[in-house]
Amino acid sequence: MGKKKNGNEFLVQGSILAAAGMISRIIGMIYRIPLLNIMGITGQGFYEVAYQIYNIALILTSYSLPLAVSKLVSARLSKGQEKNAYRILKTALLFAAVVGGGVSFLIFFGADFIAGDIMKMGMSAYGLRVLAPGLFIVAVMGVLRGYFQGRGSMVPTAVSQILEQIIHAIVSIVGAAVLLKYGQNIAEKQGNKLYGPAYSAAGATLGVIVGGLTALMFLILIFYAYKNVLRKKMYRDKHAEKESFRFLFRILILTIAPVILSSTVYNIQNVIDSAMFTSIMSAQGFSEKYAADLLGSLGQYYTLFNVPLFMANALGSSVVPPLVRAYENKDSGQVHQKIELAMRMTMLIAVPSAVAFIVIPKEMLDLIWGSIDNTVAANLFRIGAVSIVFYSISTLTNAVLQGVNKMMAPVKNATVSLIIHVVCLFIMLVVFHWSIYAVVASKVVFGITMCILNAHDLREAVGYIQEKKKTFILPTIAAVIMGVVVFVVQFMLALVIHDKVATVIAIVVGVVVYGVGLLAIGGLTEQEIRSMPKGIQIAGLLKKVHLLK
């Protein structure tokens, strides 16, 4: 009975953290819409460069700390070692303070060199300098989150994540608006119009600092409220062996190193892309503003690109835990079935999303950012939308490979794909002069390469060969039908009503057409629908409207 209760508690805590993560991601995507309308396309370009550098520094300093601390604390608490668990906390806090603080210091004082000399985007130094203290804040916050998670409580992490994201969104929007005006005043005095968008981008980054600081203060309050209980637990700990701080520090480094390696390989692509793009554009004689505007359009692409990617990943990830259990039980039939189901569920979202972004990209962008010229961003989607499919597949197969104990396979494949991607990007920029379009075109190459390499490793690991008709062909047929209907409906309605209203109606019609078409050609069965999250309710609703027999 006790085991069942513990299992249920684990599921509840895991669900809390997953829900908080989803809410945070949704907030994070929504607030970028008004933010871009305030900063403008140039400010968005400065913001993207600063944030990409910050993101890589974050991975190197603190990204893996919550997971590492959680694992180490949990391992000691399972043996009743309260004092050693607390020593893990102190060791990790020291690590966070030294590494997070040190890198914050380097980036704050090296912002001009990093932004100007390396990235060839000098005006992004203002935003980068504002972001620098966030590395220290997030590192300390990550340790506290990991400590609570290691003790079996996900609530402090979940609440702090949502609180952080809400404050982040509010302060970013307000900061961007206020500092835009301040920057415009400086621009008039200095005779340089770039100060307005540069200061606005810096104001947008204020949200990272204030949101992180708010969440950190919340975690500190929770920790101190719990400290008396913690003291009593440590007093009752009679475990004789006291682990040295040197030993714990070494264990901490060994735990976080693999995660840092894999995360860096996956996330450094955008920084390399921006650095290569700005450097080559500068060498070709283009201005900083021109490059910033193009990077701003790329930021629009990233913002919307991540919406279907996140939805597809969240849907597919729900199938991964049972896949891991099937693998541990050596049930190859179940393993293959779970992989196929996860892939099909992911493609059900990724394929129509890609088609929609190819068919009416500008109309959708105008719906969200009506005050900005979205021509370049629309063309980026026409070229790069298909990579939504490849990135969805590669992300899912990464998780599957890790689930079947092939932890380093995705890292190796990402490294090979990144090298091919960089070579292609260089050729596209220098030889073909494809400008910003080279970035998304080379990302398509990266996605395809990852899919091929992961499919090979998956076949070698568990003998899995991907089914094609129901996973790719039928959803593509339904999506193409949807695309034709959406294009015609939007075009016809735009002749008689407002463009934005026409786009909304066309999207709604497209969703219905895709769903009905998929069911009509046998792309989805009742049994498969029932196996999805909330599938029983969805199947019941479809039966009521006579779309399922």
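Read-outs: derived from the displayed coordinates by stated rules, not from any lab. Nothing here was measured: the structure is a model prediction, and the numbers come from that model. With ideal geometry, Cβ positions are generated from the backbone for all residues, glycine too; neighbour counts draw on all protein chains shown.
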field: Counted charge near His456, where neighbours are those whose Cβ lies closer than 13 Å (Asp, Glu -1; Lys, Arg +1)
entry: +1
- line: Note: probe point = Cα of His239 + 7 Å toward Cβ; backbone nitrogen < 19 Å; residues of the range 143-178 passing the test are 144, 146-153
query: Got a sec to turn the phi values of the range 393-404 into Karplus ³J(HN,Hα) couplings, 6.51 cos²θ - 1.76 cosθ + 1.60 with θ = phi - 60°, whole Hz, x for Gly and Pro?
result: 5, 5, 5, 5, 5, 4, 5, 5, 4, 5, x, 9
- line: The distance between the Cα centres of the range 109-188 and the range 59-84, in whole Å, is 25 Å
query: In percent, what relative contact order does the chain have, based on Cα pairs under 8 Å that are 6 or more apart in sequence?
result: 15 percent
- prompt: Ala520 versus Ala283, label points 7 Å from Cα toward the beta carbon: distance in nm?
  reply: 5.3 nm
- prompt: Looking at the square roots a ≥ b ≥ c of the eigenvalues of the Cα gyration tensor of the chain, which shape do they give, rounded for a/c under 1.5, prolate if a/b is larger than b/c, or oblate?
  reply: oblate
message: In whole Hz and in residue order, list the ³J(HN,Hα) couplings for the range 432-441 that follow from phi through the Karplus curve 6.51 cos²θ - 1.76 cosθ + 1.60, θ = phi - 60°; x for Gly and Pro.
response: 8, 6, 7, 6, 5, 5, 5, 5, 6, 5
In Hz, Karplus ³J(HN,Hα) per residue of the range 493-502 (6.51, -1.76, 1.60; θ = phi - 60°; x = Gly, Pro): 5, 5, 6, 10, 10, 4, 4, 5, 5, 4
field: Kirkwood Rh (inverse of mean 1/r, distinct Cα pairs), the range 394-526, angstrom
entry: 18.0 Å
message: Distance cut-off 22 Å, Cα to Cα: go down the list Lys120/Lys189; Lys338/Lys469; Lys469/Lys544; Lys289/Lys443; Lys90/Lys232; Lys90/Lys227 and report the pairs above it.
response: Lys120/Lys189; Lys469/Lys544; Lys289/Lys443
Sites Met407 and Asn185 - FRET efficiency at Förster radius 56 Å, r taken between beta-carbons, to 0.05: 0.60
